[in-house]
Amino acid sequence: MRRAVIGAGAKQDARKRAFRIGASPGSARARNRLDCTQRGLGKESPDIREEDMDMDIAGLRVLVTAGAGGIGLEIARAFAQEGAKVHVCDVDDEALDALQASDPQISASRTDVTDRKAVAALFDEAIDRLGGLDVLVNNAGIAGPTGRVEEINPEDWDRCLEVCLTSQFNCARLAVPHLRRSENASIINLSSAAGKLGFPLRSPYGAAKWGVIGFTKALAIELGEDGIRVNAVLPGLVAGDRIRRVLEGKAQARGMSYAEVEDQALAGVSLKTMVTARQIADQILFVCSPRGRAISGQSLSVCGDTRLLV
Ligand SMILES: NC(=O)c1ccc[n+]([C@@H]2O[C@H](COP(=O)([O-])OP(=O)(O)OC[C@H]3O[C@@H](n4cnc5c(N)ncnc54)[C@H](O)[C@@H]3O)[C@@H](O)[C@H]2O)c1
């Protein structure tokens with residue numbers, strides 16, 4: 001994991017790992033500049049130096065749902081770069097093919113996480129490939145429809161709840177027997193800033209993401225005695241295609257320009273910037289590593305302090 005080190009006197013002899021996350025400090029800054037300033041999203045981070053922190057992730061067996069694209073892909077790569085064994089699933093055939101070519105060390109299944117039969121087959125394949133399971137990342141989620149509640153198509157409501165919430169149940173119930181045999185077991189459920197704030201025009205998504213928090217809290221208590229940690233991670237506005245689609249939908253629903261909606265969205269974020277998928281992945285790596293072994297039942301926000309969703 002990248003560790004920010006400020007000032008002199010910092011440890012110089014950090015062990016160099018075979019699998020490194022990120023590249024030189026220069027390129028990390030360059031990436032941050034691209035993520036933030038190129039999109040007009042705020043100022044870049046202060047000049048910080050980064051070095052590696054050994055988190056003992058090498059060898060962990062990790063399953064990431066919806067891991068061929070977006071945040072899931074970043075999470076899968078981050079674990080793999082640290083030496084974990086990673087299996088992903090996704091429904092996007094093109095993205096799965098691309099992953100096979102770009103990251104052959106990550107194994108993958110074509111699975112819709114709302115289909116319980118397919119999820120059972122996913123677990124057979126993943127456990128076979130990984131030789132067990134230490135970490136389940138319930139990442140799959142869709143934006144769902146944008147509109148006032150009376151305009152929302154009931155089928156769209158159902159689908160949003162199925163992908164964002166029920167899929168986590170579908171996977172967790174099959175993961176638990178394997179996680180009980182792990183020395184460092186944890187489940188991460190992707191929620192959202194919309195899982196702790198009201199989100200107008202997005203009632204299915206908001207309901208599902210609040211549901212994820214409730215599911216997480218219940219499991220953390222149920223599974224604590226088995227040494228299985230369960231946490232929710234709550235991204236804010238994550239720079240990328242998906243948030244662009246969401247903001248476009250809002251602009252259309254409100255008769256506003258895209259820039260106006262984006263400004264409105266960032267007005268509710270204390271740090272005045274979107275976050276990156278990499279920052280979400282970094283948080284998840286830490287929590288799932290042995291260093292995070294005292295963390296369970298938490299809702300961990302990575303959102304630049306998002307106080308308001310519009
Ligand atoms: N992007 C954001 O701004 C943001 C903010 C808060 C929370 N989140 C949450 O983070 C998670 C990942 O979001 P993202 O932005 O990477 O999403 P995304 O829309 O980029 O989709 C990522 C992947 O999910 C796959 N997928 C969709 N439906 C699936 C299904 N039924 N079964 C298996 N795979 C499926 C897609 O094929 C895609 O590869 C979601 O739970 C999302 O709600 C995202």
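Using the per-residue mean of other Cβ atoms lying within 10 Å as a proxy for protection, in what order, highest first, do the peptides 237-243, 169-175 fall?
169-175, 237-243
Greater than 27 Å separation of Cα atoms is the criterion. Which listed pairs, Lys217/Lys250; Lys85/Lys196; Lys196/Lys250, meet it?
Lys217/Lys250; Lys85/Lys196
So if each residue of separation counts as 0.36 nm, and I subtract the Cα-Cα distance between Asp93 and Ala218, what length gain in nm does that give? Before the final figure, lay out the partial values.
Numbers: separation 125, 0.36 × 125 = 45.00 nm, distance 3.42 nm.
Extending this stretch completely gives an extra 41.6 nm.
Which value, in debye to the nearest 20, describes the size of the charge dipole of the range 57-302 about its Cα centre when Lys and Arg Cβ atoms bear +1, Asp and Glu Cβ atoms bear -1, and nothing else is charged?
Values: 26 positive and 30 negative charges, 157 e Å.
With Lys and Arg at +1 and Asp and Glu at -1, about 760 debye.
Mind ranking 228-236, 211-219 by how tightly packed they are, going by the mean number of other C-beta atoms within 10 angstrom, highest first?
228-236, 211-219
Give me the three principal axis extents of the range 208-300 from the C-alpha atoms, as integers in angstrom, largest value leading.
52, 24, 22
Using per-residue counts of other Cβ atoms within 10 Å, averaged over each peptide, order 79-86, 154-161, 121-128, 246-253 from highest down.
Per-residue mean Cβ counts within 10 Å order the peptides as 79-86, 121-128, 246-253, 154-161.
Under a point spin-label approximation (7 Å from Cα along Cα-to-Cβ), what is the Glu225-Asp241 distance to one decimal in nm?
Roughly 4.6 nm, to one decimal.
Given Cα positions, please report Rg to Rh for the range 57-302, the hydrodynamic radius being the Kirkwood one.
Numbers: Rg = 17.5 Å, Rh = 18.2 Å.
Rg/Rh: 0.96.
Report the Cα centroid-to-centroid distance between the range 120-198 and the range 58-72 in angstrom, as an integer.
12 Å
Once amide H atoms are built 1.01 Å from N in the peptide plane, which residues 5 or more positions from Ser301, or in another chain, come under 5 Å H to H?
Leu234
Using label points projected 7 Å from each Cα along Cα→Cβ, tell me how many nm separate Ala121 and Arg307, to one decimal.
Between Ala121 and Arg307, the label points sit 5.0 nm apart.
Readers should treat all values here as calculations from the given coordinates under stated rules, not as data from a laboratory. Not measured: the values here are computed from a predicted model. Cβ sites come from the backbone with ideal geometry, for glycine too, and all protein chains shown count toward neighbours.
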